[in-house]
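To start, the structure under review is shown below, and the notes come after it.
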Amino acid sequence: MKKKTVLMIILLLLMGITGCKMEEADSGALSAEGVPELLEPVDVKMDVARAQIGDIYRISIYKGEVVPYTEELHFLVDGCLENVYVTTGDMVQEGQVLAVLSEEQLREQIETLEEEIDALVRQGEFSDRLAEADIAIAREELAIMRELGDFGPTSTVKELEIQELELALEQTRQLRGLELEKRQASLGALQKKMGKNEIVAPCSGRIVYVSEIRRGDAIQGYTPVIYIADESRLRLLTDYVSESTVKSADRVYAKILDQEFDISYIPYEKSEMIQMALNGEEMRAQFSVDAREGVLQAGQFAVVMLYQSYRKNVLTIPINALYQDGSGQYVYRQVNGTRMRCNVKTGMTTDTKVEILEGLEEGELVYVKD
C-alpha cells in the first residue's frame, strides 16, 4: 500500500502545476484534490488540427434570384381613363402607348379658366374707365372752385376726395393684377398637362402587372397602374437585409452559377416601404448586379454573401477544439502523442473558427472533437 502511495506522489510531482498540464489517457488519473479528472467520453472520436495563421470573419448568407428590372408606370396628370391597350404578359416595344386618359375634362377646365380671365380683364377695363371718369369730373370741379377763388375748406375736401378716388383705383388695379396672375398661372399649369395623358413604354419588355381599372375610372396622377419588366437590365432580389447592414460589411458579393459578381444595394424610397407595409407585401432586399451582357438570365438562383468583422493574419483553430469550464477556456495540445491541457485567451469567434490571442503558437497541434 505504501509503495502505491509513493508512486502516486512521484507522478504528481512530475506533472507539476503549470498553465499546461499533462493528462494521462488512463481514466484513473487523479486531480490535485484527489478527485478523478474527467476526460472526454471514450466514445468521442478525436482528431487533431494545427493552429495556423489565416483570416477570420463572420459571414451572412441570403438566398435570392435574378429578376428583370421592373419599373412602375403612372400618368403624370389626374383624369378619367380612356383606354388601356395592354394586358399582363404582353411584350411591348419602347415608345409604345400603353394607356390613355381622356383630355376632355382638362380641355373644359382650360376653356373655363380662359373665359374667367377674359371676363376679369373686360370688367377691369370697364371699371377703370368709370373710376377714371369720376376722377376727371372731380378734378374739373376742383378747377372751377379755384377759378371762382375758393381755396378754403370746400376745395380742400375736394382735393382729399380726388386722392381717395386715385388711391382706390390703384388698389383695385393691384388686386385685379394679382388675381389675373393667379389665374394665368393656373391656366399655364393646365396647358402644360395637355399631351401628357399617355403612358408610354420607357423600354422594350414584358408587362407583368396591370391594375384593375376600367374606361371612365378616375385616375390620380403618379399612382402606379402598369408594371413593365426590362429583361435587358437584371437585378437581384433576396431575403431582406437592411442597407445599414450591407454598408457595415467588409465585403459583399453574389454567387451565381459558381461565379462571383459585384453587387450594389438598391434602397427603397420611404414611400415605397410604407406602401409595401400597407399592402402586406413581403419586404425583400434588391441589388444591382455587375455582369456582362448575356452572362445572367432571369430566374437564376443566387446567393448573396456578406462578410463582416473581417480580420486578416490572425492565429486560429477550429471552434470544436476549444473547451471551457469554470476556470476559463482551454484546449488540448498534442505533445509526444499525449494530450496536454493548455489555457488560452481567445478573440473573435465564428461558427467554424476561433481566434487565439494567447496560449498557443503557430503550428502547434490541438485535439478536435469530430
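Under a GNM of the chain (C-alpha, springs under 10 Å), which listed residue has the highest mean-square fluctuation: SER242, SER155, SER264?
Of the options given, SER155 has the highest mean-square fluctuation.
Given the options ALA49, ALA201, ALA229, state which has the largest fluctuation in a GNM of the chain using a 10 Å cut-off (strictly under) for Cα springs.
ALA49
At most 12 other Cβ atoms within 10 Å and a DSSP loop assignment: could you name the chymotrypsin sites (Phe, Trp or Tyr not before Pro) in segment 184-287 that fit?
TYR222, TYR240
If the limit is 21 Å between Cα atoms, which of LYS196/LYS270; LYS193/LYS270; LYS247/LYS270; LYS345/LYS369; LYS247/LYS345 go over it?
Pairs exceeding 21 Å: LYS196/LYS270; LYS193/LYS270; LYS247/LYS345.
Once the other residues with Cβ under 14 Å from the Cβ of ALA285 are scored (Lys, Arg +1; Asp, Glu -1), what is the net sum?
It works out to a net charge of -2.
Which of these values of log10 I(q)/I(0) by the Debye sum over Cα atoms at q = 0.07, 0.10 Å⁻¹ was calculated from the structure shown: (1) -0.67, -0.89; (2) -0.56, -0.80; (3) -0.29, -0.60?
Correct label, based on the coordinates given: (1).
Which one, GLY95, GLY177, GLY337, has the greatest fluctuation when you compute a Gaussian network model over the chain with C-alpha springs under 10 angstrom?
GLY337
Within the set of other residues whose C-beta is less than 11 Å from the C-beta of LEU306, count the net charge using Lys and Arg as +1 and Asp and Glu as -1.
Once positives and negatives cancel, what remains is +2.
Would you compute, for the Cα atoms of segment 181-266, the largest minus smallest coordinate along each principal axis and list the three values in descending order, in whole Å?
In descending order, the Cα extents are 60, 32, 21 Å.
What accessible surface, in Å², does a 1.4 Å probe find on VAL303, ignoring ligands, DNA and RNA and rounding to the nearest 10?
For VAL303, the solvent-accessible surface is approximately 30 Å².
Below 8 Å, C-alpha to C-alpha, sequence gap of six or more: please give me the relative contact order for the chain in percent.
Once divided by the residue count of the chain, the mean separation gives 31 percent.
Which Cα, out of ILE61, GLY347, GLY359, lies furthest along the positive dipole direction of the chain (beta carbon charges, K/R +1, D/E -1)?
The listed residue farthest towards the positive side: GLY359.
Sort out the exposed loop GluC sites (Glu not before Pro) in the chain (DSSP loop, at most 12 other Cβ within 10 Å) and tell me the longest stretch that has none.
The longest such stretch corresponds to 95-211.
Estimate the FRET efficiency between THR172 and GLU104 by the formula 1/(1 + (r/R0)^6), using the beta-carbon distance for r and 30 Å for R0, to the nearest 0.05.
0.25
Sticking to Cα atoms, compute the Rg of segment 52-170 to one decimal and its Dmax as the biggest Cα-Cα distance, whole number, in Å.
Here Rg and the maximum Cα pair distance are 36.9, 122 Å.
Toward the positive end of the charge dipole of the chain, about the Cα centre and with charges on Cβ (Lys, Arg +1; Asp, Glu -1), which of ALA168, GLN184, LEU237 goes farthest?
It is LEU237.
Could you tell me what a quarter of the Cα convex hull surface of segment 236-291 works out to, in nm² with one decimal place?
Computing the convex hull of the Cα atoms and averaging its projections yields 4.3 nm².
Can you give the helix-only mean residue ellipticity at 222 nm for the chain, where every DSSP H stretch with n ≥ 4 adds -39500 (n - 2.57) and the sum goes over all residues, rounded to the nearest 500 deg cm²/dmol?
-11000 deg cm²/dmol
Placing unit charges on C-beta atoms (Lys and Arg positive, Asp and Glu negative, everything else neutral), compute the dipole magnitude of the chain about its Cα centre in debye, rounded to 20.
3140
Using the Kyte-Doolittle scale, which helices in the chain average at least 0.0 and also have C-alpha atoms spread 15 Å or more along the helix axis, with helices defined as whole DSSP H runs?
Those that pass (Cα extent of 15 Å or more, hydropathy at least 0.0) are 2-15.
The values are calculated or read from the model by the stated rules, or taken from the named source; none is laboratory data. Here the structure is a predicted model, which means the values were calculated and not measured. Glycine also receives a Cβ, built like all others from the backbone with ideal geometry; neighbour counts cover every protein chain displayed. With ligands, DNA and RNA removed, areas are computed over all heavy atoms of the protein, side chains included. Shrake-Rupley method; radii C 1.70, N 1.55, O 1.52, S 1.80 Å.
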